[in-house]
Amino acid sequence: MNILHVASECFPWVKTGGLADVLGALPEAQARNGESVRVLLPAYRGLAQRLGPLQVLAELELRGLRFRLLAARVTEPGSGLCLLDCPALFDRPGDPYHGADGRAHADNGWRFGCFAEAAARLALEGIGGWQPDLVHAHDWQAALVPAWLALQERRPATLLTIHNLAYQGCVDAAEFRALGLPESWWRVEVGEFWGSFSFLKAGISSADALSTVSPQYAREIQTAEFGQGLDGCLRQRGDQLFGILNGIDTALWDPATDPLLVARYDRRTRLAGKAVNKAALQAELGLAPEPERLLVGIVSRLAEQKGIDAVLAAHDCWASLPLQLAVLGGGDARLEQGLADLARQLPGRVAVRLGYDERLAHRIEAGADAFLMPSRFEPCGLNQMYSQRYGTVPLVRAVGGLADTVTDASPAALAAGDATGVRFNHSDAGGVRYALERALELYAGPDWAGLQAAGMARDFSWAPAAQAYQQLYRSLLRRGR
Ligand code: ADP
Ligand code: GLC
């Protein structure tokens, strides 16, 4: 089967969050299963140079823009990366969505609207003789691909994966018109959304099937509490909405081989290994060199979603419980400021590094004792899986993929040897306090080692998800015939 993924991020080339990790790992897992896979990304500034030398596979023009399709590289037999080059849209400083000043580009709707239309055209015409049977579009940036394809009689099957319902890609009527989108799409049954046009909604209403990245989030987004205004539309498509849990790249995130760690360890050597990493992390971040103190880690985009305000509201805990906190994150200026203030108020106890740092992310996973995720909602979440693999006990709010991947340290689960972490219910100071107090109690008692060992024994590889997608793709192709 020929599968074309269309997305705005792919690790290691361009990443702002978990979407990139998924695109960096799933296509290769699919290729290992014998599928022929291509990933189509925008050619952001510098990307083509980093990937070169490149072959031009196709050229096309639309909306007054010229696009070149560049074949970048085959990462694994059967899996390749292609870039859609259009300097007017993508040759800019900053990350995929923001300029160098951290502000979102005002024309993101235009940029990704044109990208999606060009991608749809390539999906129909083929890529250098390679014809996709199925297009797998990810998030709002690619959500118009299935919408464009739905207008065609002979076309590849389409699947839209929702990695995060909070980002919907909304444009106003003028932008809608500038993009030349069909008038019939400005209807509540297609993409109209409270007086604007939502790319994500248009994709939801027109893709052959929908998926999201955990079974629990698939259920949650069909409720008013988590549906971000789209729950009705999602309920309508409920029989075609599937929750497929993400995996993690178990080669990249393996404490036994991780080149970014100070010391490598496995299940057998974890106590000694983690102690060395913890001491190095404390030293690097200027935390007090206290081997016995419970060190809590956070690596996160600093966005409303992640519940970082609850971490700040739990100020008392950081000030008075026998804990340390190490945070790596970037994003919302107010949260960055709040965290920087907390670190200044509690030197030696709280350390904060702002920005994006792959190396430190790995070192926090290895050096921390526990990992805190008080998310308001979490479609899947990857760090709780990385944590378990690194023998770092996750403390998670029981929502979305966090609920699907962490087994709470209840007496029954502890007795059965299944428990891997602490779950809590509220994304506020009370919830965080509850989680930290329980973690401290477990850390002081005999059960901590069991939590670490059970987490490290978990299998979070991509194999089950790759298989679930394969079955779904096949059912869509059968339906199309
Ligand atoms: P989301 O996609 O919502 O941000 P995920 O948990 O799915 O959440 O994925 C986040 C990914 O981004 C993880 O691989 C995490 O390690 C990484 N990450 C987040 N913030 C940073 C940062 N400041 N530096 C390095 N890696 C980060
Ligand atoms: C989104 C979600 C996150 C998920 C990731 C990859 O960014 O916020 O929970 O793990 O996508 O699917």
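Bear in mind these aren't lab numbers, they're just calculated from the coordinates by the rules spelled out. Being a predicted model, the structure only gives us computed values, none of them experimental. Quick reminder, even Gly has a Cβ in these numbers, built from the backbone with ideal geometry, and neighbours come from all protein chains shown.
Around the Cα centre of the chain, unit charges on the Cβ atoms of Lys, Arg, Asp and Glu (plus for the first two, minus for the last two) sum to a dipole of about 640 debye. Karplus-based coupling profile of the stretch 158-171, in residue order and whole Hz: 10, 10, 10, 9, 9, 8, 6, 6, 6, 9, 10, x, 9, 10, with θ = phi - 60° in 6.51 cos²θ - 1.76 cosθ + 1.60 and x standing for Gly or Pro.
Rounded to the nearest whole Hz, the Karplus-based 3J(HN,Hα) values (6.51 cos²θ - 1.76 cosθ + 1.60, θ = phi - 60°) of the stretch 180-190 follow the sequence x, 6, x, 3, 4, 7, 7, 9, 4, 6, 10, with x at glycine and proline. Annotation for the stretch 264-369: GluC sites (Glu not before Pro) lying in DSSP loop with at most 15 further Cβ atoms inside 10 Å of their Cβ are Glu292. Distance from the C-alpha centroid of the stretch 292-329 to that of the stretch 342-416: 10 Å, rounded to the whole angstrom.
Candidates Leu159, Val171, Gly113 compared by Cα position along the dipole of the stretch 94-241: farthest toward the positive end lies Leu159, with charges placed on Cβ. Taking packing as the residue-averaged number of other Cβ atoms within 10 angstrom, the listed peptides 29-37, 406-414 run from highest to lowest as 29-37, 406-414.
Summarising the amide proton neighbourhood of Thr212: residues at separation of 5 or more, or on other chains, whose placed amide H is nearer than 5 Å comprise Ile162, Phe242, Gly243, Ile244. As a calculated quantity, the FRET efficiency between Leu124 and Ala288 at R0 = 56 Å, using C-beta atoms, amounts to about 0.35.
Under 5 Å from the amide H of Gly391 lie the amide H atoms of Met456, each residue being 5 or more positions distant or on a separate chain, with H modelled from the backbone and absent for Pro and chain starts.
Placing unit charges on each Cβ (+1 for Lys and Arg, -1 for Asp and Glu) gives the stretch 270-456 a dipole about its Cα centre, and among Leu287, Leu323, Trp448 the Cα reaching farthest toward its positive end belongs to Leu287.
In a reduced charge model with +1 at each Lys and Arg Cβ and -1 at each Asp and Glu Cβ, the stretch 270-456 shows a dipole moment near 280 debye about its Cα centre. Each of Ile364, Gly338, Leu354 was placed along the dipole of the stretch 332-379 (beta-carbon charges, centred on the mean Cα), and the one lying farthest toward the positive end is Gly338. Look at the alpha carbon pairs under 8 Å that are at least 6 residues apart: their mean separation over the length of the stretch 270-456 gives a relative contact order of 22 percent. Computed from the Cβ-Cβ distance with R0 of 25 Å, the FRET efficiency linking Asn425 to Thr250 stands at 0.25. Cα centroid separation, the stretch 435-481 to the stretch 47-86: 34 Å. Annotation: amide H-H contacts under 5 Å for Leu325 (H modelled 1.01 Å from N, sequence separation of 5 or more, or interchain): Val296, Val350, Ala351. With each label modelled as a point 7 angstrom along the Cα→C-beta vector, the Thr257-Arg478 pair spans 3.6 nm.
Could you tell me which of rounded, prolate or oblate describes the stretch 1-133, using a ≥ b ≥ c as the square roots of the eigenvalues of the alpha-carbon gyration tensor, with rounded for a/c under 1.5 and, failing that, prolate when a/b is larger than b/c and oblate otherwise? Oblate, because a/c is 1.5 or more while a/b does not exceed b/c. Classification of the chain by its C-alpha gyration tensor yields a prolate form. The axis ratio a/c (a ≥ b ≥ c) is 1.5 or more, and a/b outweighs b/c. The string of couplings for the stretch 419-425 from the Karplus curve (6.51, -1.76, 1.60, θ = phi - 60°) is 5, 10, x, 10, 10, 9, 9 Hz, one whole number per residue in order, with x for Gly and Pro. Loop-resident trypsin sites (Lys or Arg not before Pro) (DSSP state other than H, G, I, E or B) in the stretch 119-210 with no more than 15 further Cβ atoms inside 10 Å of their Cβ: Arg154, Arg187. Overall shape: oblate for the stretch 403-470, with the ratio a/c of the largest to smallest alpha carbon gyration tensor axis at 1.5 or above and b/c at least equal to a/b.
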